[in-house]
Amino acid sequence: MTAYNILFNALSIQPAQSLAIEGAAGGVGSLLLQLAKAAGLSVTAVAASKHANLLDQLGANQFIPSEKFSTANVKFDVVINAINGGNDQERGVAHVKASGQYLSLNPITEALKQAYPQITMTAFQPKKEYRDRPALGYLTKLMQQKELVVPIAQQFDFNLTNVIVAQSLLEQRHSAGKLIVLKNK
């Protein structure tokens, strides 16, 4: 739902524009990548080098290792920071074209906004006007057409210990995909 709402509600992005996703191998980032590709966008995935093959399989047009993103000489119309905890936002903003858009899943400081006044910056938050029904219908359709997969990093049985372990992995920027904590029947 977050990925859908970012692409179709929070951003104004056109198919001819360039898009980079920081944290493209994560739970939200991997879905953003696939939804953007399904919408006809060209996507550059930014993530740790170890995730290059996964991001290629998910359809990334280009891959930039996150450890080399700071020095990459490239600008995008839109940069999305889908990294849990935000990670160096200035690094992503520096890769946005003048009059471009930057969206983060984390708060954006006033100092950063003032340093780049020509860039539209959005700290994404769900809004009650974002309707679930169209999003669920669209996501279901893509899954049925096998255009959307949910990479799963690990699955845990539901108990307090496993919830703590999963939260710890989330905070440590675990391997690619979603962490699932599931109550057995």
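The values are calculated or read from the model by the stated rules, or taken from the named source; none is laboratory data. This one's a predicted model, so the numbers in the text were calculated from it and none came from an experiment. Because the Cβ atoms are built from the backbone with ideal geometry, glycine has one as well, and the counts that use them run over all protein chains shown. Surface accessibility is based on the protein's heavy atoms, side chains included, excluding ligands, DNA and RNA. Shrake-Rupley method; radii C 1.70, N 1.55, O 1.52, S 1.80 Å.
Any chance you could give the angle, 0 to 90 degrees and rounded to 10, that helix 132-144 forms with the longest Cα principal axis of the chain? Helix 132-144 sits roughly 80 degrees off the main axis of the chain. 7 Å from Cα along Cα→Cβ at both residue 111 and residue 160: what's the point-to-point distance in nm? Label at residue 111, label at residue 160, 4.0 nm between them. Taking the chain as a Gaussian network, Cα atoms linked when under 10 Å apart, which of 78, 28, 150 shows the biggest mean-square fluctuation? Result for the chain, Cα springs under 10 Å: 150 fluctuates most. Protection proxy ranking, highest mean first, for peptides 154-166, 33-45: 33-45, 154-166, where packing is the per-residue count of other beta-carbon atoms within 10 Å, averaged.
Could you state the angle between the C-alpha long axis of helix 160-171 and the longest principal axis of the C-alpha atoms of the chain, as a value from 0 to 90 degrees rounded to the nearest 10? Helix 160-171 and the main axis of the chain meet at about 20 degrees.
Taking amide H as placed 1.01 Å from N in the peptide plane, the amide H of residue 177 sits under 5 Å from that of 26, 27, each at least 5 places away or on another chain. For trypsin sites (Lys or Arg not before Pro), the sites in the stretch 64-110 that DSSP calls loop and that have at most 16 other Cβ atoms within 10 Å are 75. In this structure the stretch 1-81 gives 40 Å² per residue of accessible area when probed at 1.4 Å with all protein chains present.
The amide H of residue 122, built 1.01 Å from its N in the peptide plane, has 102, 103, 104 as neighbours under 5 Å, considering only residues 5 or more places off or on other chains. Between the amide H of residue 20 and those of 44, 78, 79, 80, distances stay under 5 Å, these residues lying 5 or more places away or on another chain, with hydrogens modeled in the peptide plane. Listed cross-link partners 75/141; 37/141; 75/113; 37/178; 75/146 are compared with a 24 Å cut-off, the Cα-Cα value being larger for 75/141; 75/146. Of the residues 176, 48, 130, the one whose Cα sits farthest towards the positive end of the charge dipole of the chain is 130 (charges of +1 on Lys and Arg Cβ, -1 on Asp and Glu Cβ, taken about the Cα centre). Computed about its Cα centre, the charge dipole of the chain is approximately 440 debye, with only Lys, Arg, Asp and Glu carrying charge at their Cβ.
Ligands, DNA and RNA left out, the accessible area of the stretch 133-185 computed with a 1.4 Å probe is 57% carbon and sulfur.
Given the chain, report the % of alpha carbon pairs whose separation exceeds 28 Å.
In whole percent, the long-distance tail amounts to 23.
Computed per residue of the chain from DSSP H runs no shorter than four, each worth -39500 (n - 2.57), the mean residue ellipticity at 222 nm is -9000 deg cm²/dmol. Taking the 0 to 90 degree range and rounding to the nearest ten, how far is the long axis of helix 27-38 tilted relative to the main principal axis of the chain, both from C-alpha atoms? The two axes meet at around 70 degrees. Given the C-alpha centroids of the stretch 122-185 and the stretch 19-69, what is the distance between them in whole angstrom? Cα centroid of the stretch 122-185 versus Cα centroid of the stretch 19-69: 17 Å apart.
In the stretch 1-49, carbon and sulfur make up what percent of the accessible area (probe 1.4 Å)? Intermediate values should be presented prior to the final figure.
Numbers: 690 of 1400 Å².
In the stretch 1-49, the share of accessible area belonging to carbon and sulfur is 50 percent.
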